[in-house]
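Beneath this line is the structure, given in structure tokens, with notes to follow.
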């Protein structure tokens, strides 16, 4: 009796432009080398969200943007983030480093204790995989908090 066969499937990475609510393409600066440059881009990506969204920016070794990836979408004040999902996107994009980001729909970007815990887990996971976690930016209503700039990481 023959054993069942499995079809061979190729894993591919596809990119598409991220559009604003108005349908325009979002332009990124040539290099994401400061919290202000990252926060400006992330405010455009996450600032209008009514629920908490966790995403990441995948960057090259020269800090050029490779891709943005939305990891999870949650409720008004929480979202589930698993390191496996974060680093899967980074590995598939061949990223040298990542910048973590999420929004606080309340408008107050002050990081919560849960934000601190997941940031530490992801920094440790990145060190194990050889992918630098450069920063974690929390976007609020017209303001942001950078973990790197505030000494939290």
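Quick note: the coordinates plus some simple rules give every number you see, no bench work behind them. None of these values were measured; they are calculated from a predicted model. So basically every Cβ, Gly included, is an ideal-geometry build from the backbone, and we count neighbours across all protein chains shown.
Per-residue ellipticity at 222 nm for the chain, helices alone: DSSP H runs ≥ 4 residues times -39500 (n - 2.57), over residue total, nearest 500 deg cm²/dmol? Mind showing how you got there, number by number?
Values: 3 runs with 39 residues, N = 153.
Calculated from helices alone, the mean residue ellipticity at 222 nm is -8000 deg cm²/dmol.
Normalised by the number of residues in the chain, what is the relative contact order in percent for Cα pairs under 8 Å and 6+ residues apart? Can you show the working numbers first?
Details: 252 pairs, mean separation 32.9, N = 153.
21 percent.
If a/c stays under 1.5 just call it rounded; otherwise compare a/b with b/c (prolate if a/b is bigger, oblate if not). Do that for the range 21-153, with a ≥ b ≥ c from the square roots of the Cα gyration tensor eigenvalues. Judged from the Cα gyration tensor, the range 21-153 comes out rounded (a/c under 1.5).
For the chain, the longest principal axis of the Cα atoms and the long axis of helix 83-92 meet at an angle of about 70 degrees.
To the nearest ten degrees, helix 113-129 and the longest principal axis of the Cα atoms of the chain are 50 degrees apart.
Placing pseudo-labels 7 Å out from each Cα toward the beta carbon at residue 112 and residue 152 gives an inter-label distance of 1.2 nm. Spin-label pair residue 10-residue 85: with each label point 7 Å from Cα along the Cα-Cβ axis, the two points sit 2.8 nm from one another.
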